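The numbers here are math on the coordinates, done by the rules we state, and not lab data. Worth saying up front: this structure is predicted, and the values here are computed from it rather than measured. So basically every Cβ, Gly included, is an ideal-geometry build from the backbone, and we count neighbours across all protein chains shown.
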Amino acid sequence: MNTLQRYAAVAALLALCSASLNAGPAPWYKWRSKIDNGIACSQTPLGPGWEKDSGPYKDSRCEKLVLVK
């Protein structure tokens with residue numbers, strides 16, 4: 001492997017890594033229980049007994065709404 005190929009490989013690797021460094025955390029959502037209307041805050045679905053109520057939020061307490069541009 002010559003020097004130019006090494007530089008190209010390193011540049012490609014850095015480009016791939018930089019994309020993941022710019023990624024933000026997953027948003028939080030309020031989920032409502034279909035059984036007792038209880039509310040929970042989670043980043044992922046809680047199961048078939050839950051439906052998405054509101055969101056997305058920035059924090060784990062579902063208090064700060066994400067501003068959509």
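Given the -39500 (n - 2.57) contribution per DSSP H run of 4+ residues, what per-residue ellipticity at 222 nm results for the chain, rounded to the nearest 500 deg cm²/dmol? Spell out each step's value before the answer.
Values: 1 runs with 19 residues, N = 69.
One gets -9500 deg cm²/dmol as the mean residue ellipticity at 222 nm.
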What is the ratio of the Cα radius of gyration of region 24-63 to 2.2 N^0.38 Å, where N is its residue count, to two decimals? 1.09
Hey, rough spin-label estimate for residue 44 and residue 3, points 7 angstrom out along Cα→Cβ, what's it come to in nanometres? 4.8 nm
Nonlocal amide H pairs with residue 50, under 5 Å, H built at 1.01 Å: 34
